[in-house]
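The values are calculated or read from the model by the stated rules, or taken from the named source; none is laboratory data. Every value quoted in this text rests on a predicted model; they were computed, and no experiment measured them. Note: ideal-geometry Cβ built from the backbone for every residue, glycine included; neighbour counts use all protein chains shown.
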Amino acid sequence: MIRKARPSDCLDLAALSLQVWLHTYAIQGLRAKLSHYALSTFTEHRFQQILSNPACQIWVYRQEDHLVGFISVDLDSTFNDGDHGYEVTTLYVSEHFQGQGVGRKLLDEVKVQHGASFWLSAWVNNQKAIDFYRKYGFKNVGELNFELEGELHQNHVFCYSDAASTQILK
């Protein structure tokens, strides 16, 4: 079941974020910069703040009352000239539920709720995510860097629109 996140979801959102983020980015193990970022960013309080921002929304995918994935959007965030729509800031699915259509259903939900023109970024070494976005119909439109305590980490920027995905699939 997909629904809009509630304050009661915030603790689970923080825990799932920690699980997915560490699995994705701590591929060589943990070090202080990674641990500090993860433990200071993925908190119940931070998700409560996101839910209180009218420009941001989180949609959760729950299965038998368990959180297995979520997607968050920032309707005010733009990339470059703003022609790419709003930003999907996060799409996290528990590793145990990947490949079961959860991510696709969450993307489909934000298309219904907010329109089919949006963008997101993915770490250049996250091939699993990159392959998923390309299969869904995203187009690579640029690069940006994620800064982690003074270190720059390159990310691809992908854009989705119904028109662009139709052209890609032909």
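Can you tell me which residue in region 141-157 is modelled with the highest pLDDT, limited to those that are in a strand (DSSP E or B) and touching a helix residue (DSSP H, G or I) at 6+ places or on another chain (Cβ under 8 Å)? Quick ask: steps written out before the conclusion?
Here is the first cut: in region 141-157, the ones in a strand (DSSP E or B) are 141-148, 151-157.
After this cut, where a residue has to be touching a helix residue (DSSP H, G or I) at 6+ places or on another chain (Cβ under 8 Å) as well, the list is 148, 151, 156.
Values: L148: 86, E151: 83, H156: 96.
Going through the qualifying residues, I end up with H156.
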With the first residue restricted to region 125-143 and required to be more than 16 Å from K111 (Cα to Cα) and among the small types (G, A, S), and the second required to be modelled with pLDDT under 95 and part of a helix (DSSP H, G or I), Cβ contacts under 9 Å at 6 or more apart or on different chains are A129/T24
Of the residues in region 34-57, those that are in contact with a Cys (Cβ under 9 Å, 6 or more places away or on another chain) and either hydrophobic (A, V, I, L, M, F, W, C) or surrounded by 19 or more Cβ atoms within 10 Å (Cβ to Cβ) (or both) come to F47, I50, L51
Note on region 16-35: residues under 20 Å from the mean Cα position of the chain (by Cα) and more than 20 Å from A129 (Cβ to Cβ) are S35
All-but-one check, M1 against (1) surrounded by 12 or more Cβ atoms within 10 Å (Cβ to Cβ); (2) in contact (Cβ under 8 Å) with a residue 40 or more places away in the chain; (3) out of contact with any helix residue (DSSP H, G or I) (no Cβ under 9 Å at 6 or more places or on another chain), failing number (1)
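A quick yes/no check of all residues on (1) in contact (Cβ under 8 Å) with a residue 40 or more places away in the chain; (2) on the phi > 0 side of the Ramachandran plot; (3) hydroxyl-bearing (S, T, Y):
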position	(1), (2), (3)
Y25	yes, no, yes
E64	no, yes, no
F79	yes, no, no
H84	yes, no, no
F97	no, no, no
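Specify which of the listed residues (Y133, Y160) is at pLDDT 95 or above, under 16 Å from the mean Cα position of the chain (by Cα), closer than 16 Å to F79 by Cβ and not in a strand (DSSP E or B).
Details: Y160 fails: not in a strand (DSSP E or B).
Among Y133, Y160, only Y133 is at pLDDT 95 or above, under 16 Å from the mean Cα position of the chain (by Cα), closer than 16 Å to F79 by Cβ and not in a strand (DSSP E or B).
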(message) Given the criteria polar (S, T, N, Q) and within 12 Å of the chain's Cα centre (by Cα), does S52 qualify?
(response) no
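One line per residue, one yes/no per condition, for (1) under 13 Å from the mean Cα position of the chain (by Cα); (2) closer than 16 Å to K4 by Cβ:
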{"position": "G85", "(1), (2)": "no, no"}
{"position": "T90", "(1), (2)": "yes, yes"}
{"position": "H96", "(1), (2)": "no, no"}
{"position": "G99", "(1), (2)": "no, no"}
{"position": "L107", "(1), (2)": "yes, yes"}
{"position": "L120", "(1), (2)": "yes, no"}
{"position": "W123", "(1), (2)": "yes, no"}
- prompt: On the given criteria, is G99 within 24 Å of K135 (Cα to Cα) and loosely packed, with under 12 Cβ neighbours inside 10 Å?
  reply: yes
